[in-house]
Amino acid sequence: LTPPKNDDELHSYILNYLGYNIARTSICSNHDAPFQPLADIFFNRVNRVLVIASRGAGKTLLTSILEWLLATFNPNFHIFHAGAIDEQARRGYEYVRSYINNKYFKGVVDQRDSIMSGTRWKNNSFLEIHAATMNQTSGAHPNMKVGDELERWRPDVYQQFIGMGTDENLRTLFISTREKAYGLVQQLVDESYTKDIKIYNFCVWETKEPCIICTEHRCLVYPACQARYQHSTGHRSVKNIADKFLLSDFETWKTQQLCDLPGTSGLCFPNLNVIP
C-alpha cells in the first residue's frame, strides 16, 4: 500500500478505497471543511486538536478513517481511542471491522487478533478502543490519543486522559458536539490559546449532501436552509438532517447542529440578556 502524499491524494484514497466522499468545502464563512482536520492530523501538521461538530455529523466515522490510515501507513503506531460511553466505543470498532473486511485491505490486520479493546496491524501498529473511564484511561503510552464526544466525559477522567502518554510527538484529538456553556468543550475553547490547541468547527451544512430540490421549496429543511446551502458537498442525507430539524427545539438546533454557540443548559438565568 502506497501512502497518500498530499491532500488531493488523501481525499481520493478515502473515496476510492473506503467509499466516503468527505467534504472539502466549508459552507459557513466561520467554519472548516470536515476533511481539513483529518488531513492536518494525518500529515502531522498539528499536534493538539479540538473538532467541534454537529450531532450526527459522522464524527466517529471521520475519526475511524483517520485512525485506520495512520495505523496502516505508520509502523509501530499506537492509538488510544476513548469514547464517552460503551455504545460509542462499539460504534467506532464497527467501522474498523468494516475496513478490515474491505477487499483492498485484506491481510493488513489479522482478524484473529482483532477485538474492540485491541486491534494489531501486521506492521505492529495497535489501536485500542475503550469507554472513557478512570480504569481505562490509566497507564497507556500511545502515539495518538483520541477523546470522542468529550462533552459527556467526567472531568476527572478528562484530567487523567490529558496526562496520558510520554511521546514528545504525541498527537491529541478531541472531537465533540458542544452542548453546555460551562462544559469541557467550552473549557478547551477558552484555554486553546495557552494550550496551543488548534480548533476546527463544522456544522450540519458542511456535512449535508447537495440538494436538488432546494429552490423548489419542497425540501423539508428549506425553512432553515432557504437555498443558501444547496451546493454543500457532504455525505449526510437531506432526509437525515430533516429529521433532526423537524424534531429539535430551537435551542438544540442552534447549539448541536449549527454549532455557533454553547447551549444554555445548566445556567441559572438562561434567558437573561445583559445590555452594556
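The values are calculated or read from the model by the stated rules, or taken from the named source; none is laboratory data. Please read these numbers as outputs of a predicted model, since none were measured by experiment. Methodologically, a virtual Cβ is constructed for each residue, glycine included, from the backbone with ideal geometry; neighbour enumeration extends over all protein chains shown. Accessible surface areas use protein heavy atoms only, side chains included; no ligands, DNA or RNA. Shrake-Rupley method; radii C 1.70, N 1.55, O 1.52, S 1.80 Å.
Here are a few things to note about the model shown:
- For a label point 7 Å along the Cα-to-beta-carbon line of Asp8, residues of the stretch 24-48 with backbone N under 19 Å: 24-26, 35-36, 39-40, 43
- For the stretch 62-221, with all protein chains in place and a probe radius of 1.4 Å, 48% of the accessible heavy-atom surface sits on carbon or sulfur.
- Note on Asn169/Tyr193: beta-carbon distance plugged into 1/(1 + (r/R0)^6) with R0 of 25 Å gives a FRET efficiency of 0.70.
- Once the gyration tensor of the Cα atoms in the stretch 1-91 is diagonalised, the equivalent ellipsoid follows with semi-axes of 19, 19, 13 Å, ordered largest first.
- Theoretical FRET efficiency, 1/(1+(r/R0)^6), r = Cβ-Cβ of Asn76 and Phe105, R0 22 Å, to 0.05: 0.75
- Average silhouette area of the chain, convex hull of alpha-carbon atoms, in square nanometres: 16.2 nm²
- Solvent-accessible area per residue, Å², over the chain with all protein chains present [probe radius 1.4 Å]: 49 Å²
- Cα-based helix-to-principal-axis angle, 238-247 vs the chain, degrees rounded to 10: 60 degrees
- Within the straight-line cut-off of under 21 Å between alpha carbons, the lysines reachable from Lys59 are Lys145, Lys180, Lys198, Lys208, Lys239, Lys244, Lys254, sequence neighbours fewer than 8 places apart in one chain being disregarded.
- Between 0 and 90°, nearest 10: helix 59-73 axis offset from the chain longest Cα axis: 30 degrees
- Relative to the current alpha-carbon distance between Leu247 and Asn47, full extension at 0.36 nm per residue lengthens the span by 68.3 nm.
- Extension gain, Ser237-Arg154: 0.36 nm per intervening residue step, less the Cα-Cα distance, totals 26.6 nm.
- Long-range HN-HN contacts of Arg171 with modeled amide H, under 5 Å: Met144, Lys145
- Full extension of the chain between Asp86 and Leu15 yields a length gain of 22.7 nm, computed as 0.36 nm times the residue separation minus the alpha carbon distance.
- Angle in degrees between helix 86-100 and the longest Cα principal axis of the chain, rounded to the nearest 10: 60 degrees
- The packing ranking, built from the mean of other Cβ atoms within 10 Å per residue, places the peptides 9-21, 35-47 in the order 35-47, 9-21, highest first.
- Lysines with Cα under 17 Å of Lys106, excluding same-chain neighbours fewer than 8 positions away: Lys122
- Placed amide H near Tyr20: partners under 5 Å, 5+ positions off or other chain: Leu15
- Here the Karplus curve 6.51 cos²θ - 1.76 cosθ + 1.60, taken at θ = phi - 60°, turns the phi angles of the stretch 190-207 into couplings of 5, 9, 4, 5, 6, 9, 6, 9, 7, 9, 10, 9, 9, 10, 4, 6, 5, 9 Hz, with x standing for Gly and Pro.
- Adding -39500 (n - 2.57) for every DSSP H run of four residues or longer, then dividing by how many residues the chain holds, sets the calculated 222 nm ellipticity at -8000 deg cm²/dmol.
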